[in-house]
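Reading through the C-alpha cells given below for one structure.
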Amino acid sequence: MRLIRRLLYFFRQRRQADELAEEMDFHRQMLEQESGDRHAASRRMGASTLAREDARGVWLPLRLDSLWQDLRVGFRMLRRSPGFSILAILCLTLGIGANAAVFSWIEGILFRPYPLVAHQERLLAITGTARGEAGHTDISWPDLLDLQKNCTLVDAFIVTKIMGTTLSLGDRAERTIGSIVSANYFDAIGVHPILGRGFEPGEDVGSNAHPVTVISYQLWQSRFKADPAIIGKAQRLNGIEHTIVGVAPQGFLGTFVGWGMQFWVPASMEETFEGGEYKLEDRSARWIESYVRLKPGVSLQQAQREMSAVAQRLETDFPATNRGRGIKLWPLWQTPFNNAGTLLPTLGIMLAVVVFVLLIACANVGNLLLVRSFARRHEMTVRVAVGANRSRLLQQLVTEGLILSALAATGGLLVAHWCRHALVLLFPARAGVAMTLPGEIDWRVLALSAGVCLIATLLLGLVPAIQTSKIDLAGALKSEMSGVVGGGHGKSWLRSGLVVLQVSLSFLLLVGTGLLMQSLQRIRNLNPGFSTQGVLFTAVDLRGAGYDPQRAKTFDDELLERIQALPGIDSVAFARSTPLSYGSFSSSPIAVDGYQPPPDEQPTVQYNQVGPGYLATMGIPLLSGREFTRADNETALPVAIVNDAMAAQYWRGDDPIGKRLQVKGKWLQVIGVAKVSKYQSVRENPKPFFYVPLRQDFSVGANLNIRTRLPAETIATELAREVHALDANLAPYELITLQEQIDRSTSPQRVAVTLLGVLGGLALLLATIGLYAVMSYTVSQSSRELGLRMALGADASKLLRLVMSHGLALTAAGVVLGAAVALASTRLMGNLLYKVSPRDPLAFGSAFLVMTVAALAACFLPAWRATRADPARILRD
Amino acid sequence: MGKGNDLLPGTLDMLVLSSLTRGARHGYGIAQHLKKISADVLDVGESSLYPALQRLMLNGWVTSEWGASENNRRARYYKLTAAGRKQLAAENKEFDRMIVAIQKVMSCA
C-alpha cells in the first residue's frame with residue numbers, strides 16, 4: 001500500500017509540492033493575521049524550505065528526484081575543473097578499458113570461442129593420454145567409434161582435425177586451411193549451411209570414398225565470387241576432385257581457436273589430406289582432435305568417469321595398441337590442441353594484471369578526488385551549515401564518482417572494441433594463413449565491465465565518504481596548516497596510503513615483466529640441438545598439387561640436384577616434419593631386442609622421416625655410426641638412427657649400433673646415434689626419438705631444409721625459380737630460418753611479455769603520475785612551512801633533500817610491500833616461467849631500479865619547485 | 001523551530017491524530033488546537049507539522065481534501081481514516097503504558 005502511495009506521489013510530485021506550498025502559505029498568513037507581525041510569523045514558522053524538503057522526503061526517501069539534480073551538479077563540477085576531469089577519466093578509461101579488453105579476449109578465445117556454434121557451455125575437448133607421459137595425445141578413429149558406442153552421457157562426438165591445402169582457382173594459388181571432420185559435424189554443432197547441405201551420415205566411412213566439401217562463406221565470397229549456383233560444382237583439393245555440397249553461414253570459422261577454417265571435408269578423405277596410410281581402421285594411428293557435447297546436466301567429472309571406464313575396457317581388449325592409454329576431457333578453455341591452451345596462462349595472468357592496473361588507476365583518481373575535495377571543503381562545510389545532512393552530501397559525491405566511472409567505462413568499452421583484434425598482432429606473421437583471435441564483447445562482458453565500473457565507483461566513493469565524515473564545522477573555519485615533516489595531518493595518511501598501494505602494485509608488475517623477459521631470454525638462448533642460424537626451411541605442397549609418390553620422388557630428386565647446384569648452398573635435405581611446428585611427428589609403438597617394457601606400458605616413440613644428409617644440414621651432431629645416404633632406399637635394408645636419450649633408455653649403455661628396433665611390425669637396424677635435440681617444444685625435456693630414411697617411409701610433400709650462408713631473400717627467389725622451372729603450377733611456401741621457427745613456437749611467451757610489458761609500463765606511468773601529484777600537492781600545502789624553514793636559514797639542497805626524502809620514503813614503503821607480495825605470488829606464474837626462479841634477484845633488482853628512477857623523476861620536480869619559492873612572499877601572504 | 005521537536009519520538013503523530021478525532025481540520029487549525037489545549041505549551045512549527053502530516057498520509061491514517069476555511073479561503077482539511085482511529089487507539093494505550101512506566105521510574109529516584 002505504502003509503495004503504491006509513494007508511486008502515486010512520485011508521478012504527481014509537482015502538484016503535491018504546489019499544494020504543500022499553498023497550504024503552508026495559508027498557515028503563514030493565518031499566523032500573520034493572528035499576531036499582526038510578519039517577521040514574528042516567519043520566526044515561528046521556521047525554515048519553510050527545509051520543511052518542504054522534509055515533507056517530500058517522507059514520500060521519497062530514495063531521492064530519485066535529487067539524483068537528476070546531482071547529475072547536473074556533478075557535470076557542472078567536472079566542467080569547472082577540466083584538467084582534473086580529463087586526467088581522472090583518462091586514468092579510469094585505461095583501467096576499465098584494460099579490464100574490458102581482457103574480459104572480451106577471455107570470452108572470445110576461452111569461453112565462447114566458436115561463433116554460431118550452439119551449446120558451447122556443454123562442449124568439452126577430448127584427448128588421449130599415455131601413462132607415464134605428461135600432456136595429451138591425439139585419438140585414433142576406431143577408439144573414437146568405440147567411445148561413441150559406449151558413452152551414454154554424451155550427446156555427440158565431433159571430430160575436427162586441422163589441415164591445409166593449396167587452393168588453385170584461376171591464376172591464383174593460395175594456401176588455405178580446412179578441417180577433416182566427422183559426418184555429424186554440422187548437425188552436432190547446430191550450424192546450418194546457407195546453401196546446400198552439411199555432411200550426411202556415412203560420408204565419413206571408407207577410404208577416399210566421399211570427395212565432398214563444405215566451403216566457408218568467406219571463401220565462397222572471395223574465391224567463387226558468391227556464385228549462387230556453386231552447389232554441385234567440382235573443386236580440385238589435394239589432387240582429388242571434390243564436389244562442393246554446401247556453403248557455411250557467414251561468420252562461422254570452424255572449431256579451432258586461432259585459425260579460421262575455409263573448408264571442411266569428411267573424415268573419409270583423411271588419407272588425401274593427412275598423408276600417410278589409411279587410418280580409419282588403424283587403432284595405433286592417433287591423429288584426431290575432437291570435442292564432445294555432454295547431455296544437459298552432466299558434469300565433466302561424471303563424463304570423465306564413464307570415459308575412463310570405457311578406455312580401460314579398450315586397454316584390455318586391444319593391449320597391443322591401447323596398453324597404458326587413457327582418455328581425458330578438458331573444459332573448452334583448457335583445450336590443449338589449439339591456441340586456447342597456449343593462451344590460457346597468459347590470459348590468466350593478464351586478468352590479475354588488469355585488476356592491478358584498475359586498482360592503480362582508482363588510487364590515482366582517488367588521490368585526485370582527495371586533493372579536490374580538500375579544495376571543496378569550504379563548499380561542503382557551507383552545505384552542512386545550511387542543513388544538508390551527510391548522506392545527502394555523500395550521495396552528491398558518489399554521483400560525481402559515478403559520472404567519472406560511467407564516462408570512463410564508455411571509453412573503456414571503446415578501447416576494448418578497438419583492441420578486439422589486437423592479440424593477433426602480437427603473434428608473428430605467417431605467410432598464407434591469417435590468424436583470428438577475436439575478442440567478443442557480448443552481454444557477459446558488458447555486465448562484467450559494468451561491475452568493474454561499479455567497483456571503481458565504490459572505491460572512489462570511499463574517499464569522499466572518509467572526507468565528509470570528517471567535516472567539522474568549527475574546525476573548518478580555521479585554516480589548517482600541514483607540513484612535509486609534520487606528518488600528523490588528518491588526510492595525509494590516506495593520500496600516502498594510496499601512493500604506497502600504487503607503487504607496490506606497479507613494482508609487482510615490473511617484477512612480473514622482468515621474470516617473463518628473462519624467461520623469454522633463456523628460451524631464446526636455449527640450445528635447441530640444431531643450428532638456428534644458416535639453416536632455412538620451406539616446403540612445396542606437392543600433395544595439394546595432386547602428385548603421387550612416384551612423381552613426387554622424381555620431383556624431389558630433381559629439385560635437390562638443382563638447389564645443390566646453386567652457389568652458396570652447403571647442403572640440402574628433405575624431411576617429413578620440421579621440429580617445433582604444428583604438424584605432428586609420426587609415432588609408433590616400438591619393440592626393442594632385449595628390452596622388456598613394464599607390464600602396463602606400451603613404449604611409443606616419435607620419429608621423423610628424413611633424407612640423406614639431414615643431420616649434417618640441421619647441424620644435429622652424429623655421435624656414432626653413420627648418416628643416411630642415397631643408398632638407404634626402398635630396396636635396401638630398413639635402417640634407423642636413434643638419439644642418445646633413446647639409446648640410454650632402451651639399450652641401457654650398450655652400443656645400439658647393429659641392434660634391431662621394431663616399428664609398425666617392421667624390423668629396422670640401428671646404424672647411428674644422434675644427439676638429442678628439441679622436437680615439439682623448446683621447453684621439453686630430452687626424450688627418445690629416432691629417424692628413418694624418407695625413402696623407406698615416403699610421404700608426398702616433404703619439408704626442405706637448406707644450409708647456406710646466403711640470406712633467405714636471395715635463396716627464396718632462386719628457389720622459386722627452380723621450383724617453377726620444374727612445374728609451372730608450383731610455388732614454394734615462405735622460406736624461414738629455424739630461429740624464426742623457434743620464435744613462432746615461443747610466441748605465447750612473447751605475447752605474455754609484450755602484454756605484461758605494455759600494462760606494466762602503463763601501471764608505472766599511472767603510479768608515477770600519482771606520486772608526482774601527491775608530492776606537488778604536499779609541497780603546495782606546506783609552502784608556509786618551507787618558507788619558514790628557508791627564512792630560518794635552510795638552504796636549497798636541504799629543502800630538496802627534505803621533500804625528496806618524503807617521496808622516496810613513500811616509494812620505499814611501496815617497494816617493500818610490493819616485493820613482499822611478489823615473493824609470495826610470482827610462483828603463480830610457474831607455467832610461463834622457464835628456468836627462472838620466481839625470486840630471481842635480477843628481476844627484482846631491475847624492477848627496483850626502474851621504480852627508483854621513476855620515483856626520483858616524480859619527486860624531483862615538486863622538490864625543485866619548493867626550493868625556488870620566495871620565502872618573503874610566502875610568509876607575507 | 002517548534003517545540004514539537006522536544007516531544008517523545010512519535011508523540012507528535014499521536015497528537016495530530018487525536019486533534020482530528022472531532023472532525024476534519026486544516027494544518028493551521030491543528031497547530032492552533034494543540035496550542036490552545038496545551039495552554040501554549042505545545043507550539044508546533046510547520047517544519048515538524050507538515051512532514052508529520054505527510055507521514056500520516058503515507059501510512060493511510062489520514063486523508064486530505066481541499067475546502068473553504070472559516071474566512072473563505074482555500075485550505076486543505078485532514079480527516080481521520082478508520083485505520084487512523086485504530087492507530088490512535090493503539091498509540092493511546094502504548095502512551096499510557098509508557099507514562100505509567102516513566103512515573104514509576106521517577107518516583108523511585
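Here, each number is a calculation from the coordinates, and none is a lab measurement. These numbers were taken from a predicted model, which means no experiment stands behind them. No Cβ is skipped: glycine too gets one built from the backbone with ideal geometry, and neighbour counts run over all protein chains shown.
Quick look at the numbers
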{"item": "Using a Förster distance of 41 Å, the FRET efficiency for residue A:654-residue A:558 (Cβ separation, nearest 0.05)", "result": "0.50"}
{"item": "Burial ranking of peptide ranges A:343-356, A:713-726 (average Cβ count within 10 Å, highest at the top)", "result": "A:343-356, A:713-726"}
{"item": "Reachable lysines, given that their alpha-carbon falls under 26 Å from the alpha-carbon of residue A:664 and they are not under 8 places away in the same chain", "result": "A:161, A:279, A:328, A:553, A:675, A:678, A:687"}
{"item": "Shielding score for B:50-59, defined as the mean number of other chain Cβ atoms within 10 Å", "result": "6"}
{"item": "Assigned charges on the beta-carbon of Lys, Arg, Asp, Glu; the range A:132-323 dipole about Cα centre (debye)", "result": "500"}
{"item": "Virtual spin-label span in nm between residue A:595 and residue A:236, 7 Å along Cα→Cβ", "result": "4.5"}
{"item": "Mean shadow area of the protein assembly as shown, taken as a quarter of the surface of its Cα convex hull (nm²)", "result": "61.1"}
{"item": "Residue mean of other protein chain beta carbons inside 10 Å, A:4-11", "result": "1"}
{"item": "Stokes-Einstein D for the range A:132-323, Kirkwood Rh over Cα pairs, 4 °C, 1.567 mPa s (µm²/s)", "result": "73"}
{"item": "Mean separation of Cα contacts under 8 Å, 6 or more apart, over the residue count of chain B: relative contact order %", "result": "29"}
{"item": "Once the Cα gyration tensor of the range B:3-108 is diagonalised, semi-axes √(5λ) in Å", "result": "26, 16, 11"}
{"item": "Sorted peptide list for A:558-567, A:23-32, criterion being average Cβ within 10 angstrom, highest first", "result": "A:23-32, A:558-567"}
{"item": "Space enclosed by the convex hull of the alpha-carbon atoms of the range A:648-748, per residue, Å³", "result": "169"}
{"item": "Farthest toward positive dipole pole in the range A:502-566 [+1 Lys/Arg, -1 Asp/Glu at C-beta], among A:529, A:540, A:511", "result": "A:511"}
{"item": "Centre separation in Å (Cα based) which lies between the range A:310-389 and the range A:392-465", "result": "13"}
{"item": "Cut-off 11 Å, label 7 Å out along Cα→Cβ of residue A:626, residues of the range A:664-699 by amide N", "result": "A:671-672"}
{"item": "Exercise: per-residue mean of other protein chain Cβ atoms within 10 Å, B:71-82", "result": "2"}
{"item": "Column: log10 I(q)/I(0), Debye, Cα scatterers of the range A:55-163, q = 0.12, 0.16, 0.23 Å⁻¹", "result": "-0.73, -0.98, -1.23"}
{"item": "Residue A:713/residue A:425 FRET efficiency (R0 22 Å; Cβ-Cβ; nearest 0.05)", "result": "0.40"}
{"item": "Cβ charges +1 (Lys, Arg) and -1 (Asp, Glu), total dipole of the protein assembly as shown, debye", "result": "4480"}
{"item": "Listed peptides A:818-828, A:731-741 by packing density, highest first (mean Cβ within 10 Å)", "result": "A:731-741, A:818-828"}
